[in-house]
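Notes follow the structure.
We did not get these values from a lab; they are worked out from the coordinates using the rules stated. Here the structure is a predicted model, which means the values were calculated and not measured. Cβ placement follows ideal geometry from the backbone for every residue including glycine, while neighbour counts extend to all protein chains displayed.
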Amino acid sequence: MSLLPPAPPLLAFANPALFWTGLGLVAVPVLIHFFFRRRHRVIRWAAMDFLLAALRKQKRRMEIENLVLLLLRCAAILLLALGLARPGCSAPSIPFAGGARAVVLVMDTSASMGAVHTGRTALDRGKERAAQFLSELPAGSKVTLVASRDEAAAGGPRAVLENAEPGDARVVLAGMRTGYGPNDLRAAFTLAAVQRKGLRGRPIVVFVTDLQRRDWLGDTDGRKEGLFDTLRERTEADGPVPVVLVDVGQDETANVVVANLSVDAGQQAFAGKLLGITATLFNYGPSATQGTLTLQVAQGEAPWEKVMAEEVVVPAPGLGQPEPLQRSFTPRIPARGDGTVRFRAVFTARADIADRDRLAVDSERVLALRVRPPVRILPVATYSGSLDIVRDVELTEVIEFLQPIFPADLQGRDLDNVDVILWADPEIAALPPEDALKLKAFVKAGGGFLAYLARRGDPLRPLFEGDDPLLPARIGEVRRDEEHPVLIEREDDRTQAHPLFKETRQPLFFSPEVTGYAQVSGYEDRAVVARYTNGDPAVLEKSYGRGRVVVITTTPAEMFFRLNGSLLPAILFFNASQYLVWESPARRNVTAGEPADVRLPPGTREVEVTPPAAAGGASREPVADGATEFRLADTSTPGFYRIVARGVTGGTTALPTESAIDIAANPDPAEGDLRRVAAMELKQAYQGAPLHFTDEKEPILPRGSQGSAVEASRAFLGGVVAILLVELLCAWRFGTRRRSLA
Amino acid sequence: MAGDSRKYLDPSVLNAIAGLELKARLIVEGFVSGMHRSPFHGFSVEFAEHREYVPGDDIRFVDWKVFGKSDRYYIKQYEEETNLRAWILLDCSESMEYGAPGGMTKIDYGRHVAAALAYLITQQQDAVGLCLFDKELRSVLPPASSAGHLRVLIHQLEIARTGGKTSLYHAVQRAAEQLGRRSVVILISDLLDNAESVLSAVQLLRHNRHEVIVLQVLDHEERTFPFERTTRFEGLEEAPVVMADPAALRTQYLKELEDFTRAIRHGCLGTASDFVELDTVTPLDVALSGYLASRGRRR
């Protein structure tokens, strides 16, 4: 007897018996038809002439209507039978048709599967269900076993057994344990899809889980697809795959989750500098939970190191949605490394809390960050007093002055290693034309230019006036009035919201009295970031090429215009130095699953993308000539994506070039919501999809041709509704529900 | 016996009608105008007296002989003999036997109508006669106006039995031979015959200068055909048996009935005859007083 599965029929029924029964039931309308002909009342009637005349004229139509009605009724019953029998054109669309199977069994091994109910963990129950399923597989079936979280794979998914006999799979299954944190389910699905490709035979994916993820459901506005959509998308690349979701969770399970770990708004990670990071915790359980929140850091493949820890009490949700508990940390970014860093927040429940076994702690959250080096500033100044303020407020946190003695011009300066040019000199008489061209080229290529105009802004005129200005403006006379100083406005919304002024939202904002500034005109209104109280522009900014220009119409020098005396000049300088090198967060740190756009160096011919280890190997893609952008479409696996751009330099001698860009993909904060999804909610969301649900009471693989009771009842209801519709249609169209041939 | 006779003269019927003044159209001027002047003056035989002419008198009645003798104008006045002769022709064919369960049959309804009208006419001191017929004349009671005659007439109604097929023209043809001089002929029938036969009968009566009033009595079920379940219709008057779904046939049936009724109505209109549809569920007083009132207004 062959162990090979039989060839699937062209049309198969999951429940052929129901089909044949339904076929037999088609006779019922015919019998009803004759029954009603036999069952009649008798009337002795006088007005027979009219009746006979009516009958003569209606007989043909009545016969046709009777026939149509009979056929409709038969068709409705036939459809009902078909619905119950669940036909399919090919075997993969029928989860439980017979024959050998290629099974991908994914076990949810997140921490929440460790929750105890009636003395056993959810994983224990899941293993029992899975073992039973494996023992009932048809002969010849092969099994690949995937743990959705495996500490040996840095918390990612891992195929612990590939293409094995069901018996072997049961042995390995028995030894599986829960991890210490949440799942990366999308990575697990990707792995399941890869494993499914390697299997021969009719595939089926079985997922044993506690459903403790809100993102099983997509966004209500459709922006983000649900997990099952992801699963289907990845596993169905080579044809439809039936998916069985085995729910072993408990509705009343308590849970504490580190839902999010994020960089504070407006901050960037600079190597060696402090960074504000906030962890957000939720408690989905019935009572407040006390424990320790630990922040850890790691670079590259190095092990996690504890940075700081804090005792926290995560409050209970009460009646409504759980309130987030937020804890801020200010760790220092390691000074050395490959330009990347990872932080991890771990919550550990106190060992002595009551009912600890019931507490399923999805306790960790990882934040991957690209770290940029300090901003390298080249000041152009003949008078260093202009920069004293910078030193006074210790802004060197993110700033590195390139040389202790500042040059008076750009002659002979190599700007390749400069991030920002600071024009801080009130005395330079004129900007040489070649310096003006060099400076424009520098900004166009992505550099930053910060200029103080007063007391002599004239030398910069070539930059702001004429063709292709850095920032269109005409620099006029200096307004100087010791008697009537002006203040920098803080009321304007644009000022308040602008990154240059972000610190001024604090109560510490004090504008100094400005007694002199360069009057400018001909600027674009939108270029003005802040004005003086008399309406004249105080700060302007504009993008130019890839870079930015910030112009402050006065100087920080006490001796000139009394701008000193408050924190504002320092804040402006500090913020401007970061703002001028700012890249939008989307270019550095993206949410996993969203595409990332990367700027390519000129002359790039090819990019090589190395995704995180869990997402597979590196891939290479050619780049069209002249392309300046590359879109990294698949960032679904959290972690670092290294993009190496290879090309050749321009000019007469073409030399190979290579530059690396890192993109950090972090999980969507919504994925941190580990409230359990109600199975009913999930079923409704994926109604009609080839997704089969079972709970602890139903077998994963029903014996014989037994179908899902839920689907059968749904098909039955559908059939009944169809019959009722037919009857209603007939009642409406023919004026009655019964017809007898006269 | 008298008490039995009164059962057809339901007070609610007769009270409603007694207050009305029934006036015949054309030749016969009215049921209730027995005391009024009749248009048949010139045909009456008993001379009463002479009266001096006054302007406005019809000069046809001037006695020219007296004028020749006395050179003065006198009008001849006659004694009125009777001003109305009415015949009630009641259809007693088998089809009149039909009635909805719990309701009145058509023949019963016809009896009530006939008795009420006979009583009314007699009260006006006019003469009323009765013919019962199916395809043949079954009995004939000549007109008279006495109270005793009314009792006989009502007795005739009581003992009338249904049976036989309808042949309206044939029956009316036989009756016409008995009707004598011009009269008001009240035909009470379900008219379940072919339309030509019905209209021929009416035309025949009109030809003989009778005023014709056709009262068509149909059962409410015959007018609405309200049946739903599959039904076996066994025809009266030897009609065939039909198994049918009434709901499917209702629209067409009602259309056939309407066509037939319209043809009769138009035919009656063409011969200046009255045509009244009576439904066995319509109260008798309502049906008769409505008709008589509208007839009065036409005058």
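List of remarks:
- A viscosity of 0.890 mPa s and a temperature of 25 °C, combined with the Kirkwood radius over Cα pairs in Stokes-Einstein, give a translational diffusion coefficient for region B:193-263 of 170 µm²/s.
- FRET efficiency, B:D279 to B:V66 (Cβ-Cβ, R0 45 Å, nearest 0.05): 0.20
- 11 Å beta-carbon shell around B:S183, net charge (K/R +1, D/E -1): +2
- Positive contributions from Lys and Arg (+1) and negative ones from Asp and Glu (-1), summed over other residues with Cβ under 12 Å from the Cβ of A:V607, come out at +1.
- Of interest is the spacing of the C-alpha centroids, which for region B:56-129 and region B:210-247 amounts to 33 Å.
- Extension gain from A:D481 to A:K59, taking 0.36 nm per residue of separation minus the Cα-Cα distance: 141.0 nm
- In this label model, B:I159 and A:A497 are separated by 11.2 nm, measuring between points 7 Å along each Cα→Cβ vector.
- By other beta-carbon atoms within 10 Å, ranking A:L439, A:L431 with the fewest at the front produces A:L431, A:L439.
- Sequence of A:W216, A:W20, A:W304 once ranked by neighbouring C-beta atoms within 10 Å, starting from the fewest: A:W20, A:W304, A:W216
- The mean count of C-beta atoms from other chains within 10 Å of the C-beta of residues in B:251-262, rounded to a whole number, is 4.
- On the beta carbon distance between A:E629 and A:E323, with R0 = 41 Å, the FRET formula returns roughly 0.50.
- Listed residue pairs exceeding 27 Å between alpha carbons, taken from A:K438/A:K542; A:K127/A:K197; B:K106/B:K255; A:K59/B:K135; A:K273/A:K306; A:K59/B:K106: A:K59/B:K135; A:K59/B:K106
- Projected label points at A:K438 and A:E489, each 7 Å from Cα along the beta carbon direction, are separated by 3.9 nanometres.
- For the segment B:234-246, counting C-beta atoms of other chains within 10 Å of every residue's C-beta and taking the mean gives 6.
- Formal net charge of residues neighbouring B:V66 (Cβ-Cβ distance under 13 Å; K, R +1; D, E -1): +1
- A:L729-B:S197 pseudo-label distance in nm [points 7 Å out on the Cα-to-Cβ vector]: 4.7 nm
- Peptide B:225-231 - average C-beta neighbours from other chains (10 Å radius): 5
- Between region B:252-276 and region B:147-207, the alpha-carbon centres lie 18 Å apart.
- Residues A:M308, A:M62, A:M113, sorted so that the one with the fewest Cβ neighbours within 10 Å comes first: A:M308, A:M62, A:M113
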